[in-house]
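The values are calculated or read from the model by the stated rules, or taken from the named source; none is laboratory data. Since we're looking at a predicted model, the values are computed, not measured. In this analysis, Cβ positions are derived from the backbone assuming ideal geometry, glycine residues included, and neighbour counts consider all displayed protein chains.
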Amino acid sequence: MAAAAIRIDDLVFRWRPDAAPAVKLAKLTVDAGKSLFLHGPSGAGKSTLLNLLGGVLLPERGRIEVLGQVLGDLPAARRDAFRADHLGFVFQQFNLLPWLSALDNVLLPCRFSRRRAQRAGEPDAAARRLLAALDLDAAAHGAPAGELSVGQQQRVAAARALIGRPEIVIADEPTSALDAARQDAFIDLLLGEAKAAGSTVVFVSHDLRLAAHFDEKLALTVGADA
Amino acid sequence: MRALLRLALASAWNRRLGLGLTLLSVMLAATLLLSVERVRQAARASFAQSVSATDLVVGARSSPVQLVLHAVFHLGEPTGNLGWDSYRKIAADPAIAWSVPLSLGDSHRGYPVLGTTPDYFVHFRYGDRQPLSFASGAAFAGIFEAVLGAEVAARLGYRVGERITLSHGDGGLAGMEHEDKPFTVVGILAPTGTPVDRSVHVGLAAIEAIHLDWIGGAPVPGFSIGAEVVQKFDLTPKSITAFLVGLHRRGEVFAVQRRIGAFAGEPLTAVLPGVALDQLWQSVGFAERALQVLSWLVLAVGLAGLAATMLAGLDQRRRELAILRSLGAGRRHLLALLVLESGVVSLLGCLLGLAATTLLALFGAGRLAAFGLSALPLTVAAGEMQLLAAVLVCGLLVGLLPAWRAYRLSLADGLTPRC
């Protein structure tokens, strides 16, 4: 049996002590190398859960174990470094620093994490290879990210999340700004590259149609145990 | 975090217009602050050095400040005269090495005329005990000869050999010209940066001669004594305005001051010029303080602009900060990032301000002279580094405001900005 990339037990998180729980999750396990489709309507705490997985927020109760490391056990600075070393993120939109070129955006994780840079081998070549694999023309590599189309930007963001083969790639509604035909193509490219890198994928979306692409599915409901 | 620094620079470059204008305002504020400080210190120094090596200034009984203002700066109300006999008696004091009588009251085209003796050019010292020197010509010897200060000659375009006439009083009243007795310019002094530059120097005998046919401050109608016959009269003055005293030994200054204060012939005042100059500076010092306060206010405006620019830019930067968070930047890094930005803008503002002040001193000196400032000194004034350090610290503190807001926003935003 493969080791768990992510293991969550009895998780509760509230924004304020008197508020209803923003996230409540009894149990979640994702095995290394698998892909998980996390489904939930808006307000179900999807984004909050991603912040918890990234170690940006800490749970009120319960434990989150990522790659065998209990995040709550690390001080804030170590959690930040851990995030840089082991996690890649793709967001809904506005993923990129618009004044940097597409290539420089992809290379950002290698600047923040020595481990990611080492695992990328030759970062520049790795970035170009990833961009090409994600169907971005070589001509667009040097263009400022702000001048790319939304679809191109999302593929650059995916390349950035994947560079240096992080153990976990977390995608938060990355396809909601794309049309239906491009959504499937994007997910196939993302999953294909993640598999090649050996990364575990956590994909969050409200769109159940996309669930078929993934190994496992989990529904997140407001205030209720999943 | 080197990566963060490089990104901060790239990000700042992306917002270069707003930051550039802010930098400009900080730079101008720093320039103003430094220039004011330099001019202030230079003015104070040149003021304090307008007379040196003179141990006492003696005049009729009056306030020390008024006496020095009139005798040294030729400004303010006359203090009343003292008798020539009194001067002769006091000058004979064995403790006194030299003395130079001064007689004021006339003017030439707005510049004060100083009646004195050729000893004035020997004993008068300014700055760091520097003697007067002649740019051209020599001291007066004959009765109707004049020596001009550097500014008088430069402004009025006079050279040695020029013939000028003096006016009675400040020259404000018509018909009060001593036009029947013209003077010949025989010497022009080198610039000193002191009131000497603005003075016309003539002999005491000349002052007597031009007033021979005057009574009670006005020409006597129908009565005139020609310039060619004045030699036949006794031109020893009856009274003078003040006199400068140099002692053999400085240590005796208070004893001599007391002796003069107790002089039996008439009530006199003897002042140590340094002490009176300090008092005088204190009384005009409010202007320099006002200038200082003003330049700090300008700096406050500049730094407030910096904070406003950064705060306004923060809403657009929330995404950028969230991306940096997802890449592994901690909240304290975001804090450092913004404080660094304001710090770098302040530092650049300081350096550019210093450069601008130097350029101003190099190329703007001529224009400044028009405002009565001899020059903006090129040398870095004492305390300037402390001023710049204060600007830098203020800049860093100003950066704390947007930094704190970014810190708060990043707590709420996490990796997903809500905007």
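Of all residues in region B:235-291, those satisfying the criterion of being farther than 18 Å from B:Trp98 by Cα, in contact with a strand residue (DSSP E or B) (Cβ under 8 Å, 6 or more places away or on another chain), in the same structural domain as B:Thr79 (by TED's automatic domain parsing) and small (Gly, Ala, Ser) are B:Ser239, B:Gly261, B:Gly265. Could you say whether any residue in region A:170-181 is assigned to a helix (DSSP H, G or I), surrounded by fewer than 22 Cβ atoms within 10 Å (Cβ to Cβ) and not charged (D, E, K, R)? Checked region A:170-181: at least one residue is assigned to a helix (DSSP H, G or I), surrounded by fewer than 22 Cβ atoms within 10 Å (Cβ to Cβ) and not charged (D, E, K, R). Region B:1-107 holds helices (runs of 4 or more DSSP H) entirely within its bounds, and those carrying 1 or more residues that are more than 14 Å from chain A (Cβ to nearest Cβ), crowded, with 16+ Cβ neighbours inside 10 Å and small (Gly, Ala, Ser) map to B:16-48, B:64-71, B:84-91.
Let's see how each residue does on (1) within 30 Å of B:Ser295 (Cβ to Cβ); (2) of a type outside the set (S, T, N, Q); (3) modelled with pLDDT under 85:
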residue: B:Met1; (1), (2), (3): no, yes, yes
residue: B:Ala10; (1), (2), (3): no, yes, no
residue: B:Leu28; (1), (2), (3): yes, yes, no
residue: B:Leu32; (1), (2), (3): yes, yes, no
residue: B:Glu37; (1), (2), (3): yes, yes, yes
residue: B:Val57; (1), (2), (3): no, yes, no
residue: B:Ala60; (1), (2), (3): no, yes, no
residue: B:Pro64; (1), (2), (3): no, yes, no
residue: B:His70; (1), (2), (3): no, yes, no
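Within region A:70-86, how many residues turn out to be within 20 Å of A:Leu130 (Cα to Cα), within 8 Å of chain B (Cβ to nearest Cβ) and in contact with a Leu (Cβ under 9 Å, 6 or more places away or on another chain)? Spell out the reasoning first.
Going residue by residue through region A:70-86, those that are within 20 Å of A:Leu130 (Cα to Cα) are A:84-86.
Within this subset, residues satisfying the condition of being within 8 Å of chain B (Cβ to nearest Cβ) are A:84-85.
Those still in the list that are in contact with a Leu (Cβ under 9 Å, 6 or more places away or on another chain) too: A:84.
Adding up the residues that qualify gives 1.
Residue check: A:Gly45 meets all listed conditions (1) at positive phi; (2) without any contact (Cβ under 8 Å) to a residue 60 or more places away in the chain but one, namely (2). Return a yes/no flag: does region B:326-333 have any residue that is within 17 Å of A:Phe91 (Cβ to Cβ), buried (at least 24 other Cβ atoms within 10 Å of the Cβ) and touching a residue at least 24 places away in the same chain (Cβ under 8 Å). Yes, that holds for at least one residue.
Those residues that are over 13 Å from A:Leu97 (Cβ atoms) and not in a loop (DSSP other than H, G, I, E, B), I need them from region A:149-159; list them, please.
The answer is A:Val150, A:Gly151, A:Gln152, A:Gln154, A:Arg155, A:Ala158, A:Ala159.
Of the numbered criteria (1) modelled with pLDDT of 85 or more; (2) in contact with a Ser or Thr (Cβ under 8 Å, 6 or more places away or on another chain); (3) more than 14 Å from every other protein chain (Cβ to nearest Cβ), the one B:Glu320 fails is (3).
Remark: B:Ala97 matches the filter, which requires a residue to be in contact with a Gly (Cβ under 9 Å, 6 or more places away or on another chain) and of a type outside the set (S, T, N, Q). Number of residues in region A:121-148 that are without any contact (Cβ under 8 Å) to a residue 24 or more places away in the chain and in a loop (DSSP other than H, G, I, E, B) equals 3.
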